[in-house]
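Quick notes on the structure that follows.
Just so it is clear, none of the values below were taken in a lab; they were calculated from the coordinates. This structure is a prediction, so every number in the text was calculated from the model and none was measured. As a convention, Cβ positions derive from the backbone with ideal geometry for all residues, glycine included, and neighbour counts pool all protein chains shown.
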Amino acid sequence: MSVLDAILQKYMIEGPETIGDGDVSQVIGIDNREAEFGIQLNYINGASPSLTVYLQTSVDGVTFVDVADSDQLIEDVSGTLLYDIAGMGPNYIRLRFEGTGTFEVTNALYSARRRH
């Protein structure tokens, strides 16, 4: 019997890294997971942030589109943002940032489950 564990973990951003308008995270392949996955973004030292974070997906790893209703506005100077995603079929994901101000990402971690 195979056990389903959260054994797939990859950094999309390994900080500290200052993030602002137009920045994107590293692209992560998600075709080796089973079902749901999560992304946790931890940030500090915001400088007047009014940045919207979008989860983007792609089938080919080149052309990315925003996931509907994935936009989350960050206006706090520090905090954590969490995406809990189910039923996504594309092969690649990344985060996109749009707005004004900056913050420092300590990390953005992708975590998914797979049987082993």
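Going from the residue with the fewest nearby Cβ atoms within 10 Å to the one with the most, E36, E104 rank E36, E104.
Count charges around E17 for me, please; just the other residues with Cβ under 13 Å from its Cβ, Lys/Arg as +1, Asp/Glu as -1.
Numbers: positive: none; negative: E14, D23, E104.
Charge balance near E17 sits at -3.
For S25, S111, S2, S48, what ranking results if the residue with the fewest other Cβ atoms within 10 Å of its Cβ goes first? So the residues, fewest neighbours to most, are S2, S48, S111, S25.
Listing F103, F97 from the residue with the fewest other Cβ atoms within 10 Å to the one with the most, what is the order?
F97, F103
For region 4-115, averaging the sequence separation of C-alpha pairs within contact (under 8 Å, six or more residues apart) and dividing by the residue count gives a relative contact order of 52 percent. Considering only the other residues whose Cβ falls under 15 Å of the Cβ of E98, what net charge follows from Lys and Arg at +1 and Asp and Glu at -1? Net charge in that neighbourhood comes out at -3.
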